[in-house]
Every structure is written in C-alpha cells, then in structure tokens.
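Any read-out appearing in this document is the output of simple, stated calculations on the displayed coordinates, not a laboratory observation. Keep in mind the model is a prediction, meaning the values are calculated, not measured. Cβ coordinates were reconstructed from backbone atoms using ideal geometry, including for glycine residues, and neighbour counts include every protein chain displayed.
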Amino acid sequence: MMSDGHFISTLTLAGTPMVSVRRVVLDVLKPHHPNALEFARLIAEVGPGYRVRLTVSEVDEKTETLQVEIEGSAIDFDTIEATINNLGGSLHSIDEVEVHGEPDQL
C-alpha cells in the first residue's frame with residue numbers, strides 16, 4: 001500500500017464496472033476568434049468520433065457565450081477542457097453529463 005492511499009483506491013475499484021463519459025453539455029465563454037465553426041471543429045478533433053453541437057447563446061463586444069454539446073464513445077474531459085483553455089475560452093459550468101457503465105474487462 002502506498003502512503004497516499006492509491007493502492008487502496010485501486011483495490012476498491014477492482015471488479016466494479018468501468019464508466020465512460022458519452023455526452024457532456026458545457027457552458028463556455030470564448031473570445032470572438034476563433035469563430036464558432038472553427039472552435040467546434042477544433043474540439044471535435046480532440047478525440048476519435050467526437051460529435052460537437054455548438055449554440056451561440058449570447059454575444060457582447062468581446063466575447064461569446066456558448067452551449068457546447070459533445071458526444072463520443074469515451075470522452076476525455078480533461079483534454080477537452082485544455083483545448084477550450086488553449087483557444088482562449090473559459091469553462092463556466094458542466095450543465096449535463098451522460099455516462100455509461102460497462103462490464104469490467106479484467
């Protein structure tokens with residue numbers, strides 16, 4: 001067992017179903033550039049088979065508020081969040097999440 005409890009956490013997870021994130025809906029604030037089409041395309045490129053639906057809900061002088069829906073078989077949320085930040089955006093909230101449990105593959 002490691003002093004940080006990692007070994008115990010691994011043991012307690014053994015035998016439980018794996019969970020994959022299949023859909024997230026995010027509230028994002030971004031600058032006008034890149035435009036909405038390019039922003040959605042760059043997020044879709046983050047993972048294989050990602051589908052992105054983007055709605056601009058508000059526009060002001062310097063920014064746009066977006067609702068971004070991402071669907072995929074196993075969404076890597078950390079990479080998506082990093083991509084949003086790298087594009088000058090800011091994640092305001094996670095509004096919806098869909099996860100699927102899968103049988104343990106051990």
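Take the Cβ atoms of residue 92 and residue 44, set R0 to 30 Å, and the FRET efficiency comes out at 0.90.
So what's the net charge close to residue 33: Lys and Arg +1, Asp and Glu -1, counting the other residues with Cβ under 15 Å from its Cβ?
Local net charge: -1.
Sorting check: for 63-69, 30-36, which peptide has the highest mean count of neighbouring beta carbons within 10 Å, and how do the rest follow? Don't skip to the answer; put the middle values down first.
Working: 63-69: 18.3, 30-36: 14.3.
Highest to lowest by the protection proxy: 63-69, 30-36.
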